[in-house]
Every structure is written in structure tokens, then in C-alpha cells.
Amino acid sequence: MQARKFIVRCLLVGFVGMLGCEASAPFVHDSSIVPNPQFQKFEVDSYLECNGAWELMMPSDWSPLKEQWHDWLTTDFHSESGPSIPLEIERVEGLTQEGYHLEIRSDRVLLSATEEAGVFHGLTTLRLMLPQVQTDAVRLPCGVIDDYPRFEHRGLLLDCCRHFMEPDYVKRMIDLLALHKMNVLHWHLTEDQGWRIQIDAYPELTEKGAWRTEKDGTTHGGFYSKEQIREIVAYAEMRNVTIIPEIELPGHSSAALASYPWLGCTGEAMEVPNDWGVFKDIYCAGQDTTFVFLRTVLDEVMELFPSTYIHIGGDEAPKVRWEACAKCQNRMRDHGLHDEHELQSWFIGEIGQYLESHGRKMIGWDEILEGGLPEGATVQSWRGMEGGLAAVAAGHDAIMSPTSHCYFDYPVESTDMEEVYGFEPVPEGLEGEGRILGGECNMWSEHAPQALVDSKVFPRMVAMSEVLWSSKETRNWQAFQNRMDKHYDRLDAWEVDYGWETVPLSLDWRTSTDDGCIQVQFEPAMKGVGGTAVFWPVNDVRDEVAFNLQDSAVICEEGVIRVALTRNGEEMGGGLEFPIAGHVGAFKPVKIGHAINEYYPGRGVQGLSDGRLGSLDFRDGSWQAAQGENMMVEVDLEKAISIDSLSMQFYLYQDAWIFVPDSIRFQWSIDGVSWKGNWLVNSLSNGYSALEPNDAQEVIRTSYGVEEEARFIRFEAMNPGPCPDWHDAASSSTWIFMDELVVHQKH
Ligand code: ACM
Ligand code: ZN
């Protein structure tokens, strides 16, 4: 999305070449290696001049990899016109599995490691020190790097199910992982919306389960043949990346049930879903045939993937079908299981034992703790850090990928690069620190077809690579940003279509001296950001007002600020919009009657009365939400005012368990003791009902005419109760989202 300096530099190199002269200023490495090595020291005035081909020398049993490593090192750069440069690779005892020692001398490069993985990382570092595009003269400063990773598990989850990704795209992502010294591709291969791995014993899984009809009638899908998977696994292995396949069970299995309905409790035919969420049809735990199926699938999976670990999912498995299934209930009775959580634990345990009997280990999402953690299981903690910590306390291993820092499907509005860089996988004072194997960034693809994946993974994954590789003591955001400035040139050269580090511009909202107005100040959050902003009033689009980003603006009505952005004078893709309402209640004293939710705090108590409105992105930070609870906000206008109308907006997105309230009430009072106002029951002004099925994802506005004097204004919203039977998360608590209580004064 950002400007491509790469093109400019290639042209310059080409131009110098045409004139037939040597580049006058050689490329000099500037120590901007990411992830930051554990130790590096460079001399000031002594260099290795490189303008010839590398001459690799290495122990004979490593030589099968020589060609591969040579390619890795010389892709895209180096003229090979001068004298060759000795690159001596030596095996030494005592370095860690992935550790290496790299020495640049004025006449050669020495690289030592104990294992091949260390050599690979050393070569990757060398590759980062060299220019990423063809150039004639390169100068490496003499010096030493001693390096090894902090964590053994440094992963990226790629969800190739919600949206299929081409095999070549997966390979390219493996290259990019390797270039950042990440060593695990967690490959999410089965889901509700698509089964993506060829299984010979069950051909319908890919004939039917890999394809879905979208709402617009088009077909989306695809799968990886065994041949393609073998090729991708081998490709990854050459780059020190282990692929851990994820075969989801017992939930997120609609595509399998659509292929073979007998796998579910009801046996009813179903289609591969074309919407997102958590679905209640899951593998039946009472039928032995389910386990015959899963063992056969896992046999074929283990035959394709040599990884020690196999991920079995285990998350988000509603229990409604099991509760109503005679076979599942029989299974519980036969095994003395007290509830459906224990049945899930038994289910996962059966699969774990099967994997163990084949010399493999199981990873599951933190829900596998519920009902008892199966023997030998490693927990991947996603709903916060707690699941991982509980696993460690129980003597198990854990991988950390909490939604707070590691969900790269979330927009930068909720998780920006600085937050990712601040991620600490090991809480202070934890006993059993060594049981935290590392972390992963999770790239779920519901809202990211392949064309968008780069822009979500990058640049945030670069920050994660440093969190997981480099030492905690040397982590420094400022220094990382400086390294990042240089690293963008590399990302450009590798043609990574990276997105933003953060929302490039924020607005500071404050009270204005003009009653009924708010003042906003633009604050660039990235270097070099500029642009223009326009305010469009909601009631009269002809009256738009333009501002400079350096100035503050006073807004006294409702509308939207639209910003077109530039960086270093060049247009940046994707403008910004800020819905806003200057009104007489903004920044007046507020009380709320619900708890602030840690995930949707909505700018705290004042957030329901600060002039900033929630947008169509429910994670934009403006929405305040509560799950299974009623919500209440009360504003004191500090003097009686003649009111015209009151309004509030809600979010509706039933797939994400977000419903409109069952009933709402606007109230007003002169003295804060006696109140007027009415309940509006089970229907909002524009006709939405609380628990009726609805496909929409939208902001719903409701307004109420008042025409009376009032000083105190109160608004209440009643939670509609659990997700109803027709919902895929039937019986789970619903959310309500709201923002903001707007008070319109009579003029
Ligand atoms: C998950 O995000 N459901 C693991
Ligand atoms: Zn069942």
C-alpha cells in the first residue's frame, strides 16, 4: 500500500550500469538486522569488499544443502563479476539448535553452527546485510554476530479455509517467514467454510467440502492435493520452517459434516456455510464411526506432515447437539462423564492418545482445558494468557497467541505494530517459564481473501519476529523503528504489499468553550503523514467544511470527518473516516450502570458522551459493549436545557453474537429524582427486533423526540437474553454494543 522506493532504486542502478561505470558509493551494511541479533559488534573502518560470487565451503554431510543455501544467499543480488569471496561454514559443538556465530573478516566470512538450522539463520542474517537488489559494489563492515532465538516456537497461523490461498502464495509466505527467522507455519486446513486437504479415504471432503456457494451465487473454494502438500512441506523444510497442520475437531467441522452428514449428531444434510461464526453442528461424540473417520484422516495427515506436533483445534465447540443426542448421552454414561465439557475432554483425549501412539504430540486451543486437560497436550492460549498459564501450572507446555496482541486479522485500530512489539509471552515471575514454547501471530481469513493477507501480516509480523527471537532486555521500540525504516526497503524488494503500522492519524477529542460543540485535533501517528480533512454534516452535505491537518476543528453538529492521507507527500491508500456528533451532552459528567468490558471499553465511562460515534468497525475503540448484561448511561447537563430529541446507536452483527437490545428507555429529569420517559419494547425505531434472525452487519440509530426542559438524561438498554435456538451459538450470552447518547438541544 505504501510508496515503492524499490522501483526508484532499481532505475538508478540500471542507469549507472548503462553508463558503464562502477557505482561510486558502495552499499554499506548499517546493522539494521531484524530480528535484532543477541550480540553484534562491528568495526568502524575495516570492510570486506564483495563484488564476486560466494565460494561456499562446508562439512561434507551438510553439502546436499549447499545448492539450496547458495540460492538462498544469492537471490536477487550480486553481480558475480569480481573475485570470489570465501564463505567458510564450520560445524562446532555447543551452540543451540538454531544458534550461529557469524564473523565478517576483510578477506572472508566465517559461519559456525552446531546444527543446519543455525547455518540457515546465519545465512539469512548475511542476506539481510546485503542489498536486496542487484548491485555491483558491496561493503560489509568487519565484525561478529552471536545469535540464537529466545523461543523455540515462532509461528504464523495461516487460515487457508475461510479463504483459499494458492500454493504459490503459501510458499511465498514460507520464504517471508524464513527471512524473519520464524520457524513454524501453523496451517489451518479444515473449517466450517471449507475442507482444504485431500484425503483419499474420504473423497467427498474435497469434492463437496472444499467448495461453498457465496451469498451472491458465486463459488469459492479449492484444496491442496497430496502432491502439492508434499512439495510445500519440503519447501518449508529447506527453509527451517516446520508446518504444523491443524485438523479442527470437534467443532468448526461443518464442511466435513456437509460432505458426510453421518458425522454429525442429527445426520441431517447440510451445505458448506457461507457465513462466519461458531456453528452448533459438530462431530458426534457418541458414534464410533466418527473416530474411525478421524483416525483415518489423521493417518493420512501424519503421512504427509512429519512435524512432531499436530494441532487438533478444540476451540468454540457448542454443546447443544451433544446435549440432545442419545448416542452422545450414552457415551457420557458409559464413561462416567458428568457433563458435555468432560465429553469434549474425553473426545480430545482419544485423539491425543491416537497421535501419541504414532509418536506425535497434540496442540489444542485453550478450550481443551475445559473438562480436564488431556495427558501430554500443549495448549495454545488465545482467549488471553490465562489458558497458557493454567497449562503451565498443570505441568504442560503452552504457546501464546492472545487476541490482545497476536490477532493479525484484527485491524491496526485494535492491534497496531507498537502493541505487537510490546507483547510479552512470559508473565513476570512465572514458575515454569521454560514451558512457554513461544508464540504465534494468527491470520484468520474471514475478512481477508489472499489479496489482503500481506497487508495484514506485514509489517506487524516483523515486530513479532523480534519479540520471539530477540532478548527481552534489548527490546526497544525506538531502536526497532529505526531498524524498520531500513527494513521497509527489503520488504519493498521482496514485493510485500504491507499495510499500515498503526492508524496513521488519530483525533484528540476535547470539550470546546462553545456549548454544544467539541474540539478535535489531528495527530499524525506515523512520520511524514499529512493530508486534508473534510467535515460532512449528516443533515446537509452541501455544507462540507475543509481543514488543514495541523489545525484543530470545532464541530457543533453531527456528521463525518473524511481524511485523505499522504506520506512524505505521496498518496497513501485507504482514507480514514471519523463519525462525530457535536452536541450539548458531550463531555458533561457521566455515570454508567454496567461494567466496562476489557475488550470493548469504548473510551471508558466518558466514552458514551464524548462526541465520538462508533463506526461500522465494531473494534474501532469507540463502541462500549456488555455481554449478558444490561447497559445504562446517565448524563448531567449541569443546567436545565430545552431538549429537542435524544438518540443512541447500536451495533447489529448476529454472527458475532451482537444483538440489538430487547427493550430500551430514554428518560429525562429536571432534578435527578423524578423522571419521565418510556420503555420501547422489543423493537427499535427502524423496525429491528431483538432475537429475530438477521444477516446484517450495521450501525442502527434510534431517536426519540422529547420537547421538554431537562438537566439529567438517562438511557437504558436491556440485554435480549441468550442466543436463541436457531443461532449457531444457541444458549451463549449475547452482546449489546452502544455509542453514544446524543442530546439535541432545541434551537
Ligand atoms: C480462535 O481464534 N477461535 C482460536
Ligand atoms: Zn451425538
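Some points to look at:
- Filter pass, residue 375 being more than 16 Å from ligand 2 (Cβ to nearest atom), of a type outside the set (Ser, Thr, Tyr), free of Cβ contacts under 8 Å to residues at least 40 places away in the same chain and under 15 Å from residue 247 (Cα atoms): no
- Test: residue in segment 261-270 that is among the small types (Gly, Ala, Ser) and more than 15 Å from ligand 2 (Cβ to nearest atom): yes
Here is a yes/no grid of residues against (1) modelled with pLDDT of 90 or more; (2) of a type in the set (S, T, N, Q); (3) within 23 Å of residue 746 (Cα to Cα):
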position: 497; (1), (2), (3): yes, no, no
position: 501; (1), (2), (3): yes, no, no
position: 508; (1), (2), (3): no, no, no
position: 512; (1), (2), (3): no, yes, yes
position: 522; (1), (2), (3): no, no, no
position: 530; (1), (2), (3): no, no, no
position: 533; (1), (2), (3): no, no, no
position: 541; (1), (2), (3): no, no, yes
position: 559; (1), (2), (3): yes, no, yes
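- Identity of the residue in segment 285-317, within 16 Å of ligand 2 (Cβ to nearest atom) and of a type outside the set (Gly, Ala, Ser), that ends up farthest from residue 357 (Cα to Cα): 287
- Residue in segment 394-413 that is out of contact with any helix residue (DSSP H, G or I) (no Cβ under 9 Å at 6 or more places or on another chain) and part of a strand (DSSP E or B) present: yes
- Strands (runs of 3 or more DSSP E) lying entirely in segment 672-747 (those with 3 or more residues that are surrounded by fewer than 18 Cβ atoms within 10 Å (Cβ to Cβ)): 676-681, 697-718
- Entry remark, segment 338-358: residues being under 21 Å from residue 292 (Cβ atoms) and either in a loop (DSSP other than H, G, I, E, B) or away from ligand 1 (no atom under 16 Å from the Cβ) (or both) number 14 in total.
- Test: residue in segment 558-567 that is buried (at least 18 other Cβ atoms within 10 Å of the Cβ), in contact with a Ser or Thr (Cβ under 8 Å, 6 or more places away or on another chain) and in a strand (DSSP E or B): yes
- Pair list, Cβ < 7 Å and 6+ apart or interchain, from segment 264-290 residues that are within 16 Å of ligand 1 (Cβ to nearest atom) to residues that are among the polar types (S, T, N, Q) and assigned to a loop (DSSP other than H, G, I, E, B): 273/193; 282/253
- Among (1) at pLDDT below 95; (2) surrounded by fewer than 22 Cβ atoms within 10 Å (Cβ to Cβ) - the single one residue 353 does not satisfy: (1)
- Flag if residue 213 is at pLDDT 95 or above, surrounded by fewer than 15 Cβ atoms within 10 Å (Cβ to Cβ) and either more than 16 Å from ligand 1 (Cβ to nearest atom) or not aromatic (Phe, Trp, Tyr) (or both): yes
- Among the residues making up segment 597-614, those that are of a type in the set (Ser, Thr, Tyr) and surrounded by 20 or more Cβ atoms within 10 Å (Cβ to Cβ) are 600, 609.
The values are calculated or read from the model by the stated rules, or taken from the named source; none is laboratory data. Owing to the predicted nature of the structure, the values given are computational and were not obtained by experimental measurement. Here Cβ is always computed from backbone atoms with ideal geometry, including for glycine, and neighbour counts include all displayed protein chains.
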